[in-house]
Amino acid sequence: MRLNSASIAACLVIGMSGLAGCHHNDEAACRDVKPGTVTTANKMCIMMNSDPVNPATDPVVWKGKKYGLCCEGCRGKWAKLSDAQKDAAAAKVMALPQ
């Protein structure tokens, strides 16, 4: 896997919190995120609803709203979704207790 400088910096910040059980296939990027300042509409990852938003990971913007991700691996998954799937994912994460 090839990482750019932003990914490496995010990994260093996230890595300090320790490895935890990963709920998806990108274990290298999935870390236990300590609570921080979440500035997105959601507190749980828009792709992996059981993982908290990582404040160090840039959010995705959908229909003018910022949605948080747990890791960079979820950004690629988000990019592959159709518009209808993105609408459904946004609705699902916003239905969770915030």
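The values are calculated or read from the model by the stated rules, or taken from the named source; none is laboratory data. Since we're looking at a predicted model, the values are computed, not measured. Here the Cβ positions follow ideal geometry from the backbone for every residue, glycine too, while neighbour counts run over all protein chains shown. SASA here: full protein model, heavy atoms, side chains in, ligands and nucleic acids out. Shrake-Rupley method; radii C 1.70, N 1.55, O 1.52, S 1.80 Å.
Does P55 fit the bill of being assigned to a loop (DSSP other than H, G, I, E, B), exposed (fewer than 13 other Cβ atoms within 10 Å of the Cβ) and not polar (S, T, N, Q)? For P55, the condition - assigned to a loop (DSSP other than H, G, I, E, B), exposed (fewer than 13 other Cβ atoms within 10 Å of the Cβ) and not polar (S, T, N, Q) - is not met. Can you find a residue in the range 71-79 that is touching a strand residue (DSSP E or B) at 6+ places or on another chain (Cβ under 7 Å) and open to solvent by 50 Å² or more (accessible area, probe 1.4 Å)? Taking every residue of the range 71-79 in turn, at least one turns out to be touching a strand residue (DSSP E or B) at 6+ places or on another chain (Cβ under 7 Å) and open to solvent by 50 Å² or more (accessible area, probe 1.4 Å). Per the conditions (1) in contact with a helix residue (DSSP H, G or I) (Cβ under 9 Å, 6 or more places away or on another chain); (2) among the small types (G, A, S); (3) at pLDDT 95 or above, the sole criterion not satisfied by A84 is (1).
If only residues of the range 58-68 that are touching a Lys or Arg at 6+ places or on another chain (Cβ under 8 Å) and within 18 Å of S82 (Cβ to Cβ) are counted, the one that is most open to solvent (accessible area, probe 1.4 Å) is W62.
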